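Just below is one structure, and these are the notes that go with it.
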Amino acid sequence: MAEEKKPKAAKAPKGEGKAGKAKSAPEAAHAESSSHQKAVLPEGPYTPRMKKHYDEVVRAKLTEQFGYKNAFEVPTIEKIVLNMGVGEAVNDSKKVTSAAADLGLIAGQRPVVTRARKAISTFKVRENMPIGAKVTLRKTRMYEFLDRLITIALPRVRDFRGLNPKSFDGRGSFALGIKEHIVFPEIDYDKAESILGMDVIVVTTAKTDDEARALLHAFNFPFRQ
């Protein structure tokens with residue numbers, strides 16, 4: 001008896017099969033929706049932690065304390081200026097290059113080299129001689145530096161007893177000095193060529209020292225009692 005042959009299965013249209021299995025209408029709609037969402041939904045903008053703290057806490061606190069009528073009256077930090085002088089530059093100009101590199105690491109921004117405006121024979125300083133480095137921080141980098149200064153650097157200062165609450169200039173600016181720049185986490189103590197001091201000037205839009213002090217206190221500046 002002749003063997004009965006099984007009929008061959010019809011071939012699936014090209015593009016279908018395991019890899020190209022046709023999707024049901026709901027699946028296709030969901031896939032299209034997911035693809036559309038990925039294409040049109042961007043990631044949210046980055047906001048520094050200290051900027052968020054100002055918007056959500058500081059502004060309301062100062063408004064209540066001083067009775068400001070609108071948001072534009074509330075003082076804010078305008079900029080932070082970092083200045084590093086290098087006394088050893090008189091004998092070795094390369095010290096300024098090294099200091100500028102370290103300041104750049106601390107600030108997250110390239111500093112400019114500062115030069116002597118006039119000659120001072122007593123200190124062997126010539127006019128236009130490189131004597132240090134300086135950088136001005138605003139907006140995002142300013143808030144990021146502020147965060148590191150308050151939460152990491154100042155607590156690492158040896159024998160730190162708080163900031164002087166009287167170090168304001170009467171125009172809304174506050175100045176503080178740091179004797180050892182190695183308190184900043186960006187500086188590797190073992191790789192630092194020398195230990196340098198630096199000045200930090202916090203410039204605010206406050207009209208009085210009391211308002212400026214309240215602003216920085218709301219940012220958790222550790223003032224002495």
5 angstrom amide H check on Ala206, placed H, neighbours 5+ away: Thr76
Exposure proxy ranking, count of Cβ atoms within 10 Å, fewest first, for Tyr46, Tyr54: Tyr46, Tyr54
Cα gyration tensor of the stretch 47-217 - equivalent ellipsoid semi-axes, whole Å, descending: 32, 18, 14
Cα-projected label distance for Val112 with Asn220, points at 7 Å along beta-carbon direction, nm: 3.4
Relative packing of 67-77, 179-189, which averages over residues the other C-beta atoms within 10 Å, highest first: 179-189, 67-77
Sequence-separation-based contact order of the stretch 47-217, relative, with Cα cut under 8 Å and 6+ spacing, percent: 28
Sorted peptide list for 165-178, 201-214, criterion being average Cβ within 10 angstrom, highest first: 201-214, 165-178
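Test of understanding: what is the full-extension gain from Asp169 to Thr140, defined as 0.36 nm times their sequence separation minus their Cα-Cα distance?
7.9 nm
All of the numbers you see were taken from the coordinates with simple rules; none came from a lab. Owing to the predicted nature of the structure, the values given are computational and were not obtained by experimental measurement. Here Cβ is always computed from backbone atoms with ideal geometry, including for glycine, and neighbour counts include all displayed protein chains.
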